[in-house]
Every structure is written in C-alpha cells, then in structure tokens.
Amino acid sequence: MKKFLTIVLILTNFSLASAQARPKVGLVLSGGGARGAAHIGVIETLEEMHVPIDFIVGTSMGAVIGGLYAAGIPIQTIKEDFSSLNWDETFSYNIKRTDLYFRRKLDSDIFIIKNFISYDNGQLHIPSGIITGQNLYELFNAYLLQEEPIKDFNHLSIPFKAVSTDLVTGKPIVLEKGDLALSLLASMAVPGIISPIDINGYLLVDGGVSCNLPIEIAKSMGADILIVVNVGTPLSTKDEINDLTTVLGQLTNILTDKNVKYSESLLTSKDILLTPTLNDVGTADFSKFAQGINPGKVAALQQKERLSKLASADYYGVPLAPDNEDILINEVRIKGQASLYPETYFHYLSFDTQYVTPEEITKKIDRLYGLSIFDRIYYGIESTPEGYSLTVQPQQSAKDPLYFQGSLFLDTDFMATNEFGLVLGVTNERFNSLLGEWRILANIGKGEKLFAEIYQPLTRDLNWFINPTAAISRTPGTLYYDYDPLAVYLDTEIAFSLSFGRNFSNWSRIRAFWEYQNNDLKRRTGPEFLPDAHIEDGQLGLSLEWDTVDNLYFPHHGIKGHVTLTSFDEAFGGDSDFKQLKISNLAAVSSGKHALALGALYNRTLEDIPSFPQKFYLGGLFELTGLNSLELIGNNSALISAIYFYQLKKLQIIPNRPSPVYVGATIEEGKVWGQPNLSQNSAVGSASLFIGVDSILGPIYLAFGATDNGHKALHLTLRPVFK
C-alpha cells in the first residue's frame, strides 16, 4: 500500500511540475493596416496546433484583431466579417446619407464642402483628421456590447493590452482599462487620417508611431516566450512614391521603422518571430484584406516545429463570447457634453423592448449621429444598481460653432448656357438646445444670389419646425423658340417664404408654406417686340417629401421625391390666380458595380395660365440630354428616364476619400405642353452616354446626348443633378 501511495504521490507531483513548467506565452501583433489580415492566419494556425496564449499585446490593426479575439470573438467570425466588410464605407469621412437628419440631407443640394472650416471662441478651426473614426468605433462595439461590462482588459477571455501614442510627448501609452472599442480606435488612429482620441488626459494617435511591435511591453508582463508577428510595411522605393497617399504612407513607415528595429533587438533565442510575406498587400489595400490572411498561415507553418513544442493537448482555443444574444437595457443614460434636451436624446435612443440586439443599438446611435452636431458618440453597457444601462457620451469639440461651407458649380452646354460660379455659406447649426439654425448663402458667378433663413424645431423630438427664408437674386436666362435661342432675359427676383411642417423620422417630411416672389424681367438681347415684365406671385402650398437615397450624386439604392400642390392667388400677394400640381420621384437599385436609377416627373397647371416665372422647363443633363439646358418651356411638363451607370474604378487622390469613376447611359422621354415654345406638342425622346466622377469637388459629369428629332448637345457639369 505504501508503494502504491508513493507512486501516486510521485505521479501527482510530476503532473503538477509539468503543468507549472508550461512556459507563459505572449502573442505580439504589430500594426500594418490591411496587412494585419495576416494576424488572422497566424491565430487560426495557433488554434489548429493547440498552442495556448496567455496574453496578447497589439498595436493598430494588431490591437484590433488581437483585442477582438481576446474578448472571445471567434477568429473565424473576424475572418469572415473583415474579408467581406465594405472598408471604403467604414473609413468614410461622411455620415451615411441614409442616417442623416432630414434637414441635413437638404445640404447635399447646396454644398459639396460641408462643415470643414468652423469658427468658435475667436478662432478658425479645421478638422484634426480626415475622418473621426465613428464608423470604426461602431464596428468594434458591435462585437463587444454583448459581453458583460468589462473595464479591465486583464479580465477578458485572454488578458490584453493595446498600444497607442501620446501625440504630446510621442511616447507609447499602454491601454488596459476602460472602453475597449475606443482603445482599439485609439491604437489605430493614424495621424492626419483619424482624429486623435482623448483618453485619460492623453491625446492619442496610432501606436505604430512610437511602438509598432510592442515586444518590450510584452516582456514586462512576464512572458517566457513571445510569438511575434510583424506585418509592418517596408520603406517604399523612390519609384513607388508617386502621389499623396504614398507620401503619407512613407512618412508613417519612416516613423515605425526605427522603433521596430529596436523592438526586434530585444528578442531572444526562445522567442519566435513571424514575418508574413505580403508583397501584394499594402497598408491601405483593404480591398485585398482577404488576400492577406493566408500569408499569416504560411508564416506560422514555417515555424511549425518550434510552435508545436508549445502545444497543449487539452487547449481548444479561447473561451467564446455570447453569439447574437440580446442585451438587457434597463435605462439609457447620457453622460458628458449634452447640448440637447434630455428628451431629445431619449427620443432618438428609445427602444420598444428591454432586450435589444447590438444592431438595434447601432442603428439608434447612427440616427443620433446623423444630426451632424457631434464629433463622435461613445457608448457602452454599464452595470447599475437597477441592472444594465446603455450609457451614451456625445463628444463635441465646439459648443456653438459657425461653419463655413461652399461649392463650385459649373453648367455648360457649350451653346447658350455657360455658367460657372461659387456658393459660399455660413451656418450656425445649433444656436439653441432645439437645434435652431440660421444660415446665410451667397452665389457668385453668372448670376448672383443672397439667401438667408432660419430653421427652428418647435418640439424636443425635433419633429415640428418653422422655416422662414428671404432671398434676392439676379439671373440671366435664355428664351428659346423651336430649339433656337430667341432672347436673353435678366430676372431680378425678391422672394420671401414661411414654412411650417413636421419631420417623419429622418426619411420624410410634410410642410405647409406661403411664398411671395417679385420678378423684374428685363430683355437684354432679342427682338424688340418681346416686352419687359414685372410679375408678382403669391402662393400657398402643401408638400410631402421623401428621401432615402444613399448618394444624391450617383444613387445606388433608395427613393427620393415629392408631391406638391400650390394655389396662386391675389389674396396671397400675387397678380394671378392658378393652381399647380408637381410630382417627382427617383428610385435607385444596384448590384455590385452596376446601378440603375429610374426617374419620373409630372408638373401640371390645374387651372388657368401660370405666370411666366412659374412655367415648367425641360432640357439639359438627364432631363432630355440631347437638348440644351432649359430649352423647352410650357404650362405643363412630364419626363420619364432610366439612367444606368457602372463603377469603372476608384481614384485614390486623397487618403480615405476615394473618387469613384462611372460610365453610363440614359434613355429619356419628355414633353411640355400648354403654350410651349414649340410649334407642336409631341414628346421628345433622348439618349445619352456619359462619364462621371464623384470627386472631392463634387459630382462631375460629361455627357453627350441626341434626341429622336435630330438635336444633339454636349454637357459638362459640376453640380448635383438628382434634386
């Protein structure tokens, strides 16, 4: 019996010694942008080989993949999601148009450059990055919200640390507590691309600037053996540096190259360094993300013999986070800067039930962010005595800024219409807690216009509003008869309007309005029998508008249109009595790089004859492209059109702001009738071919069109056309 007990004791001690003898293994994942896809391949291989990881330290994309994995997100999920992710949209500097407050959607009709320059507290400001990173933050949070609230990263499924850089001192900052999604964003906030992140008093940017390969930090955590994955980008050659993107990329690589060499010098013979071969995947090549995964597997398999020695037969991977579980929310709390009324926040963040999905939370945050007054919106689940709360922290860099906005516009048919100019504006988007707004615009170019308005929501849900406007303009225009230029008029107009309406969510609104116009028409060229005219119009109207289009310039999905009924009457301040009905709609669908927009409009004068300024026009780009701009005029008009466009390529002139190039064709049919400037009222068919660029200056179109009655026109425009 004593022999048996002795044997058992020896075996037990041997087992304990063996368990204690397993070395502590740390995984170090470097930054590298899209090249970080190789980290996924490495982790997949480590799981297949049953190599346990005791902790993970990551920088930039290494922090993102390592942090999500450490939190219990299956590596296969990360692989599938990141390989199919629309990275251009994730890195977009614009708020998704479908999420915008309806009022902000209207800006697309006016401005190309929106809210880039602001004035606050006696100083002019420009953004500290091309994007705020809100989309990235929401991407990370969508994975992490389902977890129990964890503020200490050592309590994740695998202990984890992210590395960022203090922009003030240039020193590495280790992030191991707080908001994990925000820490991941801070670790990959490339200077100049993503605005710096303020955490615990530090102004943080990409960790690669100071410590792209955080070996020293990992060793300080007591690792016996490190598995180190370096996916950093080698320095470019002179021939490879040929545009702004490659210049900025080279500057980043220079910053990281020295600190990487220092880190690698700390490796010992026990450590395992993996350097995946990623020749065809650059830092910004997120379209090739899936292509970068396999090189990580190859690099790990090349060290299979050494890695196998670290394997543990009873290790089956990291404990997984809950999968698609609903989240219990007992309340919503607003922390920090709250420039809106609490009721406004709760209106945007209300849920039908207490159990919600991460996707539902993200949609609510997106709608709140669509008000376009926040730099970022941080949010997470916190434990409270009552249960769990969704805690939302809006971030604003300025309390009451003035925004300077602008657009270039160009519209020429190389015949009678040759317009070029500039729209300048100044807007205060939040002069009170109900998002009261005032705006002044000036058009300079062929024709001048000065416009002022106030937009004031009346309720704390921001649904009901009042909107007075005033404008004065001088605009030249060409009058045609039977497709020939007949005269040029100068129209001096003074206009006032007052609208009262209601928004329905962020996709529709209804408004009642009164408008007064005073038009003074002076003939500048043309036959002397054409008289000058002074016309006053007063109208009362009702309009229903809808807008779910994703992109006003090259729409891929959604609808946009209106139905407007107006009554012109002397009682409303005009000279004439008549009524009009206006209907328009645009619907867009797409598949991959192909898109089709179907448009229709119908404008009808229901009673009597409209005054000259209230007649309807056709002619120009996508409105009978084979004709010159505004070539047809009459009391009524109708048009149907089909516009196909194909995304040919993307120009990467500015980082994280690709400019898609499209080619396309249109088929259009339309007519005007009721005292038209034609000798007969037959419909006109038109077809066109065009090339377009969704550029940083705005949508540029070059189109050639021809009509079925023999007319041809060439159009070059820089302006929105789908209004």
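The values are calculated or read from the model by the stated rules, or taken from the named source; none is laboratory data. From a predicted model like this one, the values you see are computed outputs, not experimental measurements. We place every Cβ from the backbone using ideal geometry, glycine too, and count neighbours over all the protein chains shown. Note: areas computed on protein heavy atoms with side chains; ligands, DNA, RNA excluded. Shrake-Rupley method; radii C 1.70, N 1.55, O 1.52, S 1.80 Å.
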Which of the residues that make up the stretch 445-487 are of a type in the set (S, T, N, Q), open to solvent by 40 Å² or more (accessible area, probe 1.4 Å) and modelled with pLDDT of 95 or more? T459
If we ask which residues in the stretch 359-375 are surrounded by fewer than 22 Cβ atoms within 10 Å (Cβ to Cβ), touching a residue at least 24 places away in the same chain (Cβ under 8 Å) and not hydrophobic (A, V, I, L, M, F, W, C), their number turns out to be 7
Assuming L498 fulfils every condition listed in (1) under 21 Å from I110 (Cα atoms); (2) of a type outside the set (F, W, Y); (3) surrounded by 15 or more Cβ atoms within 10 Å (Cβ to Cβ) apart from one, which condition is it? (3)
Output the number of the condition that K522 fails; it satisfies all remaining conditions of (1) open to solvent by 60 Å² or more (accessible area, probe 1.4 Å); (2) closer than 30 Å to F690 by Cα; (3) touching a strand residue (DSSP E or B) at 6+ places or on another chain (Cβ under 8 Å); (4) of a type in the set (D, E, K, R). (2)
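Sort out for me the helices (runs of 4 or more DSSP H) sitting completely within the stretch 148-229 that have 3 or more residues that are among the small types (G, A, S) and in contact with a strand residue (DSSP E or B) (Cβ under 9 Å, 6 or more places away or on another chain).
Values: elements: 180-187, 208-211, 215-220.
Here the list reads 180-187.
Could you pull out the residue among A512, A571, A600 that is in contact (Cβ under 8 Å) with a residue 24 or more places away in the chain and either crowded, with 20+ Cβ neighbours inside 10 Å or not in a strand (DSSP E or B) (or both)?
On the way: A512 fails: either crowded, with 20+ Cβ neighbours inside 10 Å or not in a strand (DSSP E or B) (or both); A600 fails: either crowded, with 20+ Cβ neighbours inside 10 Å or not in a strand (DSSP E or B) (or both).
Testing whether each residue is in contact (Cβ under 8 Å) with a residue 24 or more places away in the chain and either crowded, with 20+ Cβ neighbours inside 10 Å or not in a strand (DSSP E or B) (or both) leaves just A571.
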When you check I700 against the structure, is it surrounded by 18 or more Cβ atoms within 10 Å (Cβ to Cβ), part of a strand (DSSP E or B) and among the β-branched types (V, I, T), yes or no? yes
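Scan the stretch 103-140 for residues that are charged (D, E, K, R) and modelled with pLDDT under 90 and report the count.
First pass over the stretch 103-140, keeping only residues charged (D, E, K, R): 103-105, 107, 109, 114, 120, 138.
With the extra rule that they be modelled with pLDDT under 90, the set shrinks to 107, 109, 114, 120.
Count: 4.
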Scan the stretch 569-608 for residues that are modelled with pLDDT under 95 and aliphatic (A, V, I, L, M) and jot them down. A571, L606
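How many of the residues making up the stretch 108-140 are in contact with a strand residue (DSSP E or B) (Cβ under 8 Å, 6 or more places away or on another chain) and in contact (Cβ under 8 Å) with a residue 60 or more places away in the chain?
20
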Output for the stretch 443-480, where each listed residue is in contact with a Pro (Cβ under 8 Å, 6 or more places away or on another chain), more than 20 Å from E343 (Cα to Cα) and either part of a strand (DSSP E or B) or β-branched (V, I, T) (or both): E453, I454, T478, L479
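Open to solvent by less than 10 Å² (accessible area, probe 1.4 Å) and touching a His at 6+ places or on another chain (Cβ under 6 Å): is that true of G705 in this structure?
On the way: open to solvent by less than 10 Å² (accessible area, probe 1.4 Å): yes; touching a His at 6+ places or on another chain (Cβ under 6 Å): no.
Taking the combined requirement at face value, the residue does not satisfy it.
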If T391 satisfies every condition in (1) surrounded by fewer than 17 Cβ atoms within 10 Å (Cβ to Cβ); (2) touching an Asp or Glu at 6+ places or on another chain (Cβ under 7 Å) but one, which is the exception? (1)
Among what's in the stretch 207-229 and is within 31 Å of the chain's Cα centre (by Cα) and polar (S, T, N, Q), pick the residue that is farthest from A300 (Cα to Cα). S210
If H562 satisfies all but one of (1) open to solvent by 60 Å² or more (accessible area, probe 1.4 Å); (2) part of a strand (DSSP E or B), what's the number of the condition it fails? (1)
If the requirement is being among the aliphatic types (A, V, I, L, M), within 30 Å of D575 (Cα to Cα), over 34 Å from the mean Cα position of the chain (by Cα) and open to solvent by less than 10 Å² (accessible area, probe 1.4 Å), which of these qualifies: L627, L678, L632? L632
Run L273 past the list (1) free of Cβ contacts under 8 Å to residues at least 60 places away in the same chain; (2) out of contact with any strand residue (DSSP E or B) (no Cβ under 7 Å at 6 or more places or on another chain) and report the number of the one that doesn't hold. (2)
Checklist (1) at pLDDT 95 or above; (2) surrounded by fewer than 21 Cβ atoms within 10 Å (Cβ to Cβ); (3) over 32 Å from the mean Cα position of the chain (by Cα) applied to F616, failing item: (2)
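Please go through the stretch 217-229 and give me each residue that is in contact (Cβ under 8 Å) with a residue 40 or more places away in the chain and open to solvent by 20 Å² or more (accessible area, probe 1.4 Å), ordered by number. Can you show your working first?
Restricting attention to the stretch 217-229, the residues satisfying the condition of being in contact (Cβ under 8 Å) with a residue 40 or more places away in the chain are 217-219, 221-229.
Hits for the stretch 217-229 are I217, K219, M221, G222, A223, D224, I225.
Which ones in the stretch 80-105 are within 24 Å of G41 (Cα to Cα) and either among the aliphatic types (A, V, I, L, M) or over 13 Å from the mean Cα position of the chain (by Cα) (or both)? Explain how you work it out, then say what you get.
First, the residues of the stretch 80-105 that are within 24 Å of G41 (Cα to Cα): 80-88, 90-91.
E80, D81, F82, S83, S84, L85 - these are the residues of the stretch 80-105 that are within 24 Å of G41 (Cα to Cα) and either among the aliphatic types (A, V, I, L, M) or over 13 Å from the mean Cα position of the chain (by Cα) (or both).
Counting just the residues of the stretch 656-673 that are out of contact with any Leu (no Cβ under 6 Å at 6 or more places or on another chain) and open to solvent by less than 20 Å² (accessible area, probe 1.4 Å), which one comes out nearest to S287 (Cα to Cα)?
If we take residues in the stretch 656-673 being out of contact with any Leu (no Cβ under 6 Å at 6 or more places or on another chain) and open to solvent by less than 20 Å² (accessible area, probe 1.4 Å), then P660 is nearest to S287 (Cα to Cα).
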What number of residues within the stretch 624-681 are at pLDDT below 90 and either in a strand (DSSP E or B) or closer than 27 Å to N418 by Cα (or both)? 13
Selection count where residues are of a type outside the set (A, V, I, L, M, F, W, C) and either surrounded by fewer than 16 Cβ atoms within 10 Å (Cβ to Cβ) or under 29 Å from D491 (Cα atoms) (or both), scope the stretch 435-444: 2
Kindly evaluate T59 against the criterion of being touching a Cys at 6+ places or on another chain (Cβ under 9 Å) and either modelled with pLDDT under 95 or buried (at least 16 other Cβ atoms within 10 Å of the Cβ) (or both). yes
Across the stretch 155-199, which residue is most open to solvent (accessible area, probe 1.4 Å) among those that are touching a Lys or Arg at 6+ places or on another chain (Cβ under 9 Å), touching a residue at least 60 places away in the same chain (Cβ under 8 Å) and not hydrophobic (A, V, I, L, M, F, W, C)? D179
Conditions: (1) within 30 Å of D461 (Cα to Cα); (2) at pLDDT 85 or above; (3) surrounded by fewer than 17 Cβ atoms within 10 Å (Cβ to Cβ). A338 meets all but one. Number of the miss? (2)
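Among L552, L498, L540, which is the only one that is in a strand (DSSP E or B) and either touching a helix residue (DSSP H, G or I) at 6+ places or on another chain (Cβ under 9 Å) or among the polar types (S, T, N, Q) (or both)? Give the steps one after another, and end with the answer.
On the way: L552 fails: in a strand (DSSP E or B); L498 fails: either touching a helix residue (DSSP H, G or I) at 6+ places or on another chain (Cβ under 9 Å) or among the polar types (S, T, N, Q) (or both).
Matching residue, one of L552, L498, L540: L540.
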Failed condition for L340, given (1) part of a loop (DSSP other than H, G, I, E, B); (2) under 23 Å from I78 (Cβ atoms): (2)
